[in-house]
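Quick notes on the structure that follows.
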Amino acid sequence: MSTLLIRNATVLVTMAGEEIPDGGLLARDGWIEQVGPTSDLPDAADEVVDLRGHVVLPGLVNTHHHLYQTLTRVVPDAQDAALFDWLRTLYPMWARMTPDHVRVATTLGMTELALSGCTTAFDHQYLWPNGSGVDDQVAGAEPVGIRFHVSRGSMSLGESDGGLPPDEVVEDEDTILDDSRRVVERYHHPEPGSMTRVVLAPCSPFTVTPDLMAATAALARDLDVRLHTHLAETAAENEFCLERFGHRPVGFAEEMGWVGQDVWYAHAVHIDGDEIDLMAGTGTGIAHCPTSNMRLASGIPPVVTARDAGVPVGLGVDGSASNDSSHMLAEVRQALLLNRLATAPGVGDDGDRDQITARDVLGMATVGGAEVLGRDDIGSLAPGMAADLIAVGLDRIGYSGNHDPVAAVVMCAPVSVDHSWVQGRRVVAHGVAVGVDLPRLIAEHTRLTTDLVG
């Protein structure tokens, strides 16, 4: 048994209803035993860390990403394209990926996430060219040390059958379902505190068939794992679904069995009031990806309305070819700014109402993300919760003059975290990712990036 004692934080934010000045916590064997003022905590532990001058928060939870896309940031022909043209530009590059590309991109993207405050990440990879697979992602994530919700994503509807992706990047549906079962049986660990879980995640209504959507839902429920897909990201997707299926995307998802507390959608930009009510009533969640929605000009999702209605909402950085980064604190800030714009009179779908706050978006990034991923062991700092926490130092030029340290972490320019722990184990120390040789990783990632240029 080992103990970790955090002391003297300028403020410790539990996300369970308290902000504790001069706060700290005691964790034993990776689980929090005590949270409170430093004066109420023990004096000694195996590891004692003085965090005076820091804000301490629960680790941030990323609910939607495409780690392989770190290899294709700011591709010139895709910089100014909307979603469908953006995809058509990048599919041929992604088709050249090998297992090494997938592994190294996973390590680099997860490290970038960790340095920006993320301690739990979901990734949605949906094409597996040249012998690559989920195994390569799991191997790539391991040295970083943050929790990984990996997906067995899929595409089965190629251009020749009316889908968007080229035929060379889609898979046979029996192969997809067989490998989905294999991956869950090998890598899914549902127990509290687990480091790896598996999600089944067909890409989108325009890249898979209805048969695969329905069969994947049935398999996921047989195996007791969660379901994820892109949905209602663009107006063009709504038109595609109406023409092909006779339903808008959410109605199509409902018909396929894709609603419930075990389901969450990426984006949900183009959803209406009835669809929000359906999602709230069934517990179907949203991964809100504001930077990507702005970058691709997809629209402003009605996130404030959805949250108010009871829809679970977490944050996602989305792919590093539509963000083009993997920075969680930057995404928290972007969520604040975009959703304030959405509440401005005459703008967006949310109408004129009270502005969303810095603490609201921190809630999306912590307890909201945990709810979306189906975890009750992370997202807040309280006795019985996993010791997943981050610390951000206030002694930097961008925070000088602030009057609210908690809001400063959101509203001031995004920074890297100074320290983080996952299950009480160090992930970032003094701004350095402890499990990764960063210069070597960047050099390898850069070399592999050149392989994708056609």
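The values are calculated or read from the model by the stated rules, or taken from the named source; none is laboratory data. Nothing here was measured: the structure is a model prediction, and the numbers come from that model. Cβ sites come from the backbone with ideal geometry, for glycine too, and all protein chains shown count toward neighbours.
May I ask you to list the residues in the stretch 316-331 that are touching a Pro at 6+ places or on another chain (Cβ under 8 Å) and crowded, with 24+ Cβ neighbours inside 10 Å?
Pass one, the stretch 316-331, residues touching a Pro at 6+ places or on another chain (Cβ under 8 Å): 327, 329-331.
329, 331, listed by residue number.
When 144, 138, 169 are checked against the criterion of being in contact (Cβ under 8 Å) with a residue 12 or more places away in the chain, assigned by TED's automatic domain parsing to the domain that holds residue 363 and buried (at least 21 other Cβ atoms within 10 Å of the Cβ), 144 stands alone in meeting it.
Given the condition of a type outside the set (Lys, Arg), touching a residue at least 12 places away in the same chain (Cβ under 8 Å), assigned to a helix (DSSP H, G or I) and not assigned by TED's automatic domain parsing to the domain that holds residue 29, answer yes or no: does some residue in the stretch 61-68 qualify? Before you say what the answer is, go through the steps one by one.
Taking the stretch 61-68 as the starting set, the residues that turn out to be of a type outside the set (Lys, Arg) are 61-68.
Cutting the leftovers down to touching a residue at least 12 places away in the same chain (Cβ under 8 Å) gives us 61-68.
Imposing the further condition that a residue be assigned to a helix (DSSP H, G or I) reduces the set to 67-68.
Cutting the leftovers down to not assigned by TED's automatic domain parsing to the domain that holds residue 29 gives us 67-68.
For the stretch 61-68, residues of a type outside the set (Lys, Arg), touching a residue at least 12 places away in the same chain (Cβ under 8 Å), assigned to a helix (DSSP H, G or I) and not assigned by TED's automatic domain parsing to the domain that holds residue 29: present.
Would it be correct to say that residue 81 is within 13 Å of residue 388 (Cα to Cα), surrounded by 14 or more Cβ atoms within 10 Å (Cβ to Cβ) and of a type outside the set (Asp, Glu)?
Details: within 13 Å of residue 388 (Cα to Cα): no; surrounded by 14 or more Cβ atoms within 10 Å (Cβ to Cβ): yes; of a type outside the set (Asp, Glu): yes.
No: the conditions fail for residue 81.
Among the candidates 96, 88, the residue that is touching a residue at least 40 places away in the same chain (Cβ under 8 Å), part of a loop (DSSP other than H, G, I, E, B), surrounded by fewer than 22 Cβ atoms within 10 Å (Cβ to Cβ) and more than 16 Å from the chain's Cα centre (by Cα) is uniquely 96.
I'd like to check something: does the stretch 441-449 contain any residue that is modelled with pLDDT of 95 or more, assigned to a loop (DSSP other than H, G, I, E, B), surrounded by fewer than 17 Cβ atoms within 10 Å (Cβ to Cβ) and of a type outside the set (Ser, Thr, Tyr)? For the stretch 441-449, residues modelled with pLDDT of 95 or more, assigned to a loop (DSSP other than H, G, I, E, B), surrounded by fewer than 17 Cβ atoms within 10 Å (Cβ to Cβ) and of a type outside the set (Ser, Thr, Tyr): absent. All told, residue 106 meets the bar of being of a type outside the set (A, V, I, L, M, F, W, C), part of a helix (DSSP H, G or I) and closer than 21 Å to residue 315 by Cα. Close contacts from the stretch 361-372, counting a first residue that is over 13 Å from residue 332 (Cα atoms) and a second that is part of a helix (DSSP H, G or I) and not hydroxyl-bearing (Ser, Thr, Tyr), with Cβ to Cβ under 8 Å and a gap of 6+ residues or different chains, come to none at all.
Somewhere in the stretch 282-301, is a residue free of Cβ contacts under 8 Å to residues at least 24 places away in the same chain, part of a helix (DSSP H, G or I) and not hydroxyl-bearing (Ser, Thr, Tyr)? Spell out how you get there, then give the answer.
First, pick out the residues of the stretch 282-301 that are free of Cβ contacts under 8 Å to residues at least 24 places away in the same chain: 282.
Cutting the leftovers down to part of a helix (DSSP H, G or I) gives us 282.
Next cut, not hydroxyl-bearing (Ser, Thr, Tyr) only: none.
No; the residues of the stretch 282-301 include none that is free of Cβ contacts under 8 Å to residues at least 24 places away in the same chain, part of a helix (DSSP H, G or I) and not hydroxyl-bearing (Ser, Thr, Tyr).
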